[in-house]
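So the structure is just underneath, and the comments pick up after that.
The values are calculated or read from the model by the stated rules, or taken from the named source; none is laboratory data. Bear in mind the structure is a predicted one, so any value in this text is a computation, not a measurement. No Cβ is skipped: glycine too gets one built from the backbone with ideal geometry, and neighbour counts run over all protein chains shown.
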Amino acid sequence: MTIIASLLRAADLPDSPTARLDAELLLAAALGKPRSFLHTWPERIVPSEAALTFASYLQRRRGGEPVAYILGQQGFWKLDLEVAPHTLIPRPDTELLVEAALELLPATPAKVLDLGTGSGAIALALASERPGWKVTAVDRVLEAVALAERNRQRLHLNNATVLSSHWFSALAGQRFQLIISNPPYIPSSDPHLVEGDVRFEPASALVAGVDGLDDLRLIVAQAPDYLDAGGWLMLEHGYDQASAVRDLLLTRGFENVHSRIDLGGHERISLGCLPC
């Protein structure tokens, strides 16, 4: 057993901008306490069982496993979500999709579709902010569908529905005012796929062909068949893909096509609407 402050100093995680935060999150979880507890009571003794749990967490983190997978949870928007290795870890940049959607449509009733929902992050964030919206979330990975449904039930978001569907395959005859997606968009040759936390995330949620645009092309091509007149399509994409995605949208007949900038100053999402 040791005191909290010394245990954190001894964590010895690989040097990174988040090393201290990672150690604090893992220790707080091992203790079953909020992270603020560590700063309020730095001299508290750590029970031996918690110290052993913390040590096992640290070993996994030193091996590169993301903290979100170690703890099985990740914050997104205002929600705490269960996450697992068969889904992408929700990232702060993706909150830009949520912000843009909330600005785009009024709080009046609307039908919204989230394609490739993973943990359900986007769909559930929208459902939590807009009780009058009916949000449909789909994914082709059955484990992801089950995970998103667990998150939906735990958050008591009855205005959201989670379905198994490979993009639009299970949605025949349905129309939406907004279709939103954070699809795979990384080129298959990208060296970052074998670096850092990304190594542990499912390739099916990351990689989309040689240029990273395969799934974006498919969604843009098929979305008009599932949008109401005047409906919007909003897509997250790579930091250098905005021009290509805008071209796809314009070629397919979308209007008011534009991109928006993420926290790092990159054009991260692009969107357009169908003519009325």
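Going by the conditions given, is residue 80 at pLDDT 85 or above and closer than 18 Å to residue 119 by Cβ? Give the steps one after another, and end with the answer.
Working: at pLDDT 85 or above: yes; closer than 18 Å to residue 119 by Cβ: yes.
It is true that residue 80 is at pLDDT 85 or above and closer than 18 Å to residue 119 by Cβ.
Any idea which of 159, 182 is more than 24 Å from residue 260 (Cα to Cα) and polar (S, T, N, Q)?
Details: 182 fails: more than 24 Å from residue 260 (Cα to Cα).
After applying the criteria, what remains is 159.
Just name the residue that is surrounded by the fewest Cβ atoms within 10 Å (Cβ to Cβ) out of those in region 56-80 that are small (Gly, Ala, Ser) and under 12 Å from the mean Cα position of the chain (by Cα).
Of all residues in region 56-80, those small (Gly, Ala, Ser) come to 56, 63-64, 68, 72, 75.
Narrowing the set further to residues that are under 12 Å from the mean Cα position of the chain (by Cα) leaves 68, 75.
Numbers: 68: 25, 75: 12.
The residue in question is 75.
Being free of Cβ contacts under 8 Å to residues at least 40 places away in the same chain and either β-branched (Val, Ile, Thr) or in contact with a strand residue (DSSP E or B) (Cβ under 7 Å, 6 or more places away or on another chain) (or both) is the filter; apply it to region 43-70 and report the residue that is nearest to residue 90 (Cα to Cα).
Start the filter on region 43-70 by keeping residues that are free of Cβ contacts under 8 Å to residues at least 40 places away in the same chain, which leaves 49-50, 52-53, 55-57, 59-60, 63, 68.
Then drop every residue that is not either β-branched (Val, Ile, Thr) or in contact with a strand residue (DSSP E or B) (Cβ under 7 Å, 6 or more places away or on another chain) (or both), which leaves 53, 68.
Numbers: 53: 25, 68: 9 Å.
Among them, the one singled out is 68.
Which condition number does residue 207 fail, the rest of (1) at pLDDT 95 or above; (2) in contact with a strand residue (DSSP E or B) (Cβ under 8 Å, 6 or more places away or on another chain) being met?
With respect to (1) at pLDDT 95 or above; (2) in contact with a strand residue (DSSP E or B) (Cβ under 8 Å, 6 or more places away or on another chain), residue 207 is out only on (1).
Restricting the search to region 144-189, which residues are among the basic types (Lys, Arg), part of a helix (DSSP H, G or I) and surrounded by fewer than 22 Cβ atoms within 10 Å (Cβ to Cβ)?
We begin by selecting, within region 144-189, every residue among the basic types (Lys, Arg); these are 150, 152, 154, 175.
Now restrict to residues that are part of a helix (DSSP H, G or I): 150, 152, 154.
Correct list: 150, 154.
Mind checking which residues of region 14-68 are assigned to a loop (DSSP other than H, G, I, E, B) and more than 28 Å from residue 87 (Cα to Cα)?
As a first pass, look at region 14-68 and keep what is assigned to a loop (DSSP other than H, G, I, E, B): 14-18, 32-35, 41-44, 46-47, 63-66.
Once the filter is applied, which keeps residues that are assigned to a loop (DSSP other than H, G, I, E, B) and more than 28 Å from residue 87 (Cα to Cα), region 14-68 yields 41, 42, 43, 44, 46, 47.
Part of a helix (DSSP H, G or I), assigned by TED's automatic domain parsing to the domain that holds residue 212 and in contact with a strand residue (DSSP E or B) (Cβ under 8 Å, 6 or more places away or on another chain): which single residue out of 102, 97 fits that description?
Numbers: 102 fails: in contact with a strand residue (DSSP E or B) (Cβ under 8 Å, 6 or more places away or on another chain).
Just one listed residue meets the conditions, 97.
So if I check each of 53, 87, which one is surrounded by 12 or more Cβ atoms within 10 Å (Cβ to Cβ), of a type in the set (S, T, N, Q), over 15 Å from the mean Cα position of the chain (by Cα) and at pLDDT 85 or above?
Numbers: 87 fails: over 15 Å from the mean Cα position of the chain (by Cα).
Only one candidate qualifies: 53.
Would you pick out the residues in region 247-264 that are within 14 Å of residue 95 (Cα to Cα) and not in a strand (DSSP E or B)?
Scanning region 247-264 gives 262, 263, 264.
Here is a yes/no grid of residues against (1) in the same structural domain as residue 260 (by TED's automatic domain parsing); (2) touching a helix residue (DSSP H, G or I) at 6+ places or on another chain (Cβ under 6 Å); (3) at pLDDT 95 or above:
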position	(1), (2), (3)
107	yes, no, no
127	yes, no, yes
140	yes, no, no
147	yes, no, yes
157	yes, yes, yes
